[in-house]
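Some notes on the structure that comes next.
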Amino acid sequence: MKKYFLVMLLYISWGTLSAQGFIGTLNAKGGIPISDFRNTVGNKLVPELSFLTMYQLPEYPILVGLELGYSRYGTHFSKRDDVLGANNQTMRIRRNNNLISLMGVIRLVPEVPTKVKPFLEGQVGAYHPFTGVTIKETVFSEAFVAGTEFYDWALAYQGGGGCFIPIGKDMFMEFKLNYIYTNRMEYLTKEDATYLPDGEVTFTPRRSSFSMIQPSIGVSFFLD
């Protein structure tokens, strides 16, 4: 009888998650540089917002899906009158250092007789750092220059775990801690663009992996 009761309890506790098809999660993350990334950029925090969608494999405690993330890990504003082609006008220069990630996700959610659902997770995909610039005469004027000045791509890997905590009907809070590693790539920080006396700009890119420990918090909800 006890064995039967335990089986039923496991089935019910897992059913709230597995009875649905797709799950969506909005995450807020904070990447903490480690290893060669920390040696290159110091203790710079890398914030990220992401959307993760996963599908529950029928009859298995496994979720598979995709996660798209965006980070603006640095910005720099200056005013200059020596920008090439600007005819000695004072121009407003804004450079943003951005990061886009696209990762395939596989997540194992063991069947446990508790409301809190622990999970293990692995990811593989790509990281794309890029620096965009906007040069304007005034805040509201049309951009004199707008575009991407520097970018790179690298293969990325993540691994870690966390837990779901139910907060309402078909909704969960998600807490997660991942380790991130990428192949080495070139990228800019806000200190890496320098104007020469003739108005040209030169870049001093950094080169390292994006190795990070990344805690995150999110809200998960069923999409159907």
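The values are calculated or read from the model by the stated rules, or taken from the named source; none is laboratory data. All figures in this text were calculated on a predicted structure; none of them were measured in a lab. Because the Cβ atoms are built from the backbone with ideal geometry, glycine has one as well, and the counts that use them run over all protein chains shown. SASA here: full protein model, heavy atoms, side chains in, ligands and nucleic acids out. Shrake-Rupley method; radii C 1.70, N 1.55, O 1.52, S 1.80 Å.
Summary of values
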| quantity | calculated |
| --- | --- |
| Spatially proximal aspartates and glutamates relative to Lys115 (Cα-Cα < 16 Å; intrachain offsets below 8 disregarded) | Asp170, Glu174 |
| Cross-link table Lys29/Lys136; Lys117/Lys169; Lys136/Lys190, entries beyond 25 Å C-alpha to C-alpha | Lys29/Lys136 |
| Mean accessible surface per residue for the chain, computed with a 1.4 Å probe while every protein chain stays in place, in Å² | 54 Å² |
| At R0 = 30 Å, FRET efficiency that the Cβ-Cβ distance of Phe77 and Phe221 yields, to 0.05 | 0.20 |
| FRET E, pair Thr148, Thr114, Förster distance 41 Å, beta-carbon r, rounded to 0.05 | 0.30 |
| Spatial separation of Cα centroids for the stretch 18-62 and the stretch 66-137, in angstrom | 13 Å |
| Portion, in percent, of the accessible area of the stretch 73-208 that falls on carbon or sulfur, probe 1.4 Å | 58 percent |
| Computed Rg/Rh of the chain, alpha carbon atoms with Kirkwood Rh | 1.13 |
| Among Tyr181, Val83, Thr114 the positive-end extreme of the charge dipole of the chain (Cβ point charges) | Thr114 |
| Residue range of the chain that is longest and free of GluC sites (Glu not before Pro) which are both DSSP loop and sparsely packed (at most 16 other C-beta within 10 Å) | 1-58 |
| Crossing angle, helix 2-18 versus the chain [Cα axis fit, 0-90 degrees, rounded to tens] | 30 degrees |
| Theoretical ellipticity at 222 nm over the chain - DSSP helices of four or more residues, -39500 (n - 2.57) apiece, nearest 500 | -3500 deg cm²/dmol |
